[in-house]
Structure formats: structure tokens, C-alpha cells
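Data block below; observations after.
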Amino acid sequence: MSLDLVPHLAVLNWFFEPLQFAFMQRSLAVAIMVGVICSVVGSYLMVQRLALLGDAISHSVLPGLAIAFLLGVNIFIGAFIAGVISTVMIGWIHTRSPIKEDAAMGIVFSAFFALGITLITTIQRDNKIDLNHFLFGNILGVTAGDVRDTAIIAVLVLLAVVLLYKELLFYSFDPLGAQASGLPTGWLNAGLMVLIALTVVASMKVVGVILVLSLLIAPGATAYLLVPRLHQVMVLGAAIGVFSSISGMYLSYYVNLPSGPAIVLVVSALFALAFLLSPRHGVLVGPGRVRPGRQLQRIFGSNAKLK
């Protein structure tokens, strides 16, 4: 064997060694799917300045999954229902009182999170089981059923984004204009909330409800520093999310780090590099400045029109 091939074989062995284990195959499949949908849905959160909403929903799913666990039903279903209920309550408080939306988010997600922690603590005390993986993620423990559920969620989320791309794009950047043009903005907002809830539910096993906001926002924010238009942000953000998820998994395997935090550390490091070195906006290279009046032109293109 040629000595020149030895380093290449070592690299290949390093890459393929984890894949001989079924749990790593399942974990990587889930990580890739979650990396894609978090980046795509998170792009809408970022441009609408609704990062806190993603945090609110991620914390609000806890009581739903705890109750689902007690009832012996699929925890994905319980978490999704709790996420939808929390968004309805946020909108209800905001529209029926002088309370601002950000304050309503803080009130609801704090109450739901406290209830979830209480239920999980009670369950763990009575049943002697560990449910902390819901908080911090445990992607190495995903089952074949988790892979199936995540795949279903990923297909639903991506299909909805493809079918409603232009409408959601218009609504995200000009909600008043979208309403004046006759678009059903109420339904679009509700649909976006459902997509966020589904994405958070799919991400629970990967990074946990505490760290899911990073996976929702950081890949899209990193891409936003590098490319100008939303569809480009989604594609590049998805690539960054997948790379971060896979890299975090390998760090978890070889360095014995917790998988969720490892993924978040990778994506945060990539954002830091883009923030410092982006050709358009990098702090060290020279930040690009875009006038507010040209924001829509950046996203839609100079000649793009909504049909």
C-alpha cells in the first residue's frame, strides 16, 4: 500500500467509524432533517424580528410533552398541541388587552415553562426516570419511531414553505401591504405559527427545548450576513444547519461532549466567523450598509414582482 494513501484511509476511517452503529445512523438522519427545517423556518422568524416567539414556543411545549408522557401517547403530539395553545394565548392576550406582544410572549412562555418543569419533576420523582433530555436534547437516543416522526414533520414543513413561499415572503416583509392586496394574513400568521411549533417539536430530541432557539436563528442569521435574498438565506442556512448538526454529532462521538450543546457551539462559531469576516458585513473586513428603502429590493430582486 502506498504511503500516500495512509492519511486518506485514516480520514475515511474517522468519518465512517461512527456510521457502523445504528444509533449514530438514526441520529445523523434526524440531525440533517432538523438542520434543514430549523434554518428554513427560522429565516422567517429572523426577518420578522420574532426570535422571542421561537423561544416562547420552544419553552411552551414542555407541559404538553409531560402530559403526553403521563397519558402514554406520542410526546410529539402533546408538545405540538401545547405549542399551538401557547401561540393562541399570546395572540389572545395581545389583541384583547393593551399588553404588547413581547410582554405577552414572556408571560405565556414563563408560565408554560414553569408548569412543564413542575410536571417533569413530579413525573421523575414518582417514576424514577430521567426526562431531562427534553430540556437539553439527547439525539443519540433517538429511536426508529423518532426518525419517522421527524421525517413526516420535515416533509410537511418544507411542502408548506414551497407552496406558500411568495405569500409568506410578502407577509413577512410588508404585512400591511399583504393585507391590502387581499392575502389572508390571519391564516398566513396562523400557518407560520404552526410551522414554528412543528419545527420546535422536531428539534426537541436534537438540542432540547432550551437550546432550540439557537438552531432556529443562528444558521439563517449566518447566511443573512453572506447572501442578500431570502431564498438564498434559506438554502445557505439549511446547508449551515446540516453542517453544524453533523459536526456536532461527530464532536459528541469523538470528544465525548453532550450532542445538543456541541451542535449549538458549532453553529455559534460559524456565526461568529461570518460576523467578523463576511465580505459584505464583516466587522473586520468592513460592514456593508443597506439603506432601509432598499431592503425589499435586496430580498425580491430589482425586477421581481409578486403574482
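The values are calculated or read from the model by the stated rules, or taken from the named source; none is laboratory data. A quick note: this is a predicted structure, and the numbers were derived from the prediction, not measured. Positions of Cβ are generated from backbone atoms using ideal geometry, with glycine treated the same way; all protein chains shown enter the neighbour counts.
One line per residue, one yes/no per condition, for (1) over 24 Å from I32 (Cβ atoms); (2) surrounded by fewer than 19 Cβ atoms within 10 Å (Cβ to Cβ); (3) modelled with pLDDT of 80 or more:
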site: L192; (1), (2), (3): no, no, yes
site: V206; (1), (2), (3): no, no, no
site: L215; (1), (2), (3): no, no, yes
site: P228; (1), (2), (3): yes, yes, yes
site: S245; (1), (2), (3): no, no, yes
site: V255; (1), (2), (3): no, yes, yes
> Can L62 be described as over 20 Å from S268 (Cβ atoms) and hydrophobic (A, V, I, L, M, F, W, C)?
Replying inline: yes
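Every residue, every condition in (1) surrounded by 20 or more Cβ atoms within 10 Å (Cβ to Cβ); (2) among the polar types (S, T, N, Q); (3) part of a helix (DSSP H, G or I), yes or no:
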| position | (1), (2), (3) |
| --- | --- |
| V73 | no, no, no |
| I81 | no, no, yes |
| M89 | no, no, yes |
| P98 | no, no, no |
| T118 | no, yes, yes |
| Q124 | no, yes, yes |
>> Which of the numbered conditions does F243 fail, given that it passes all the others? Conditions: (1) closer than 30 Å to A114 by Cβ; (2) within 15 Å of the chain's Cα centre (by Cα); (3) of a type outside the set (S, T, Y).
In response: (1)
>> Take V233 and tell me if it is in a helix (DSSP H, G or I), under 21 Å from the mean Cα position of the chain (by Cα) and at pLDDT 85 or above.
In response: yes
> So V162 fits all but one of (1) surrounded by 15 or more Cβ atoms within 10 Å (Cβ to Cβ); (2) more than 23 Å from I85 (Cα to Cα); what number is the exception?
Replying inline: (1)
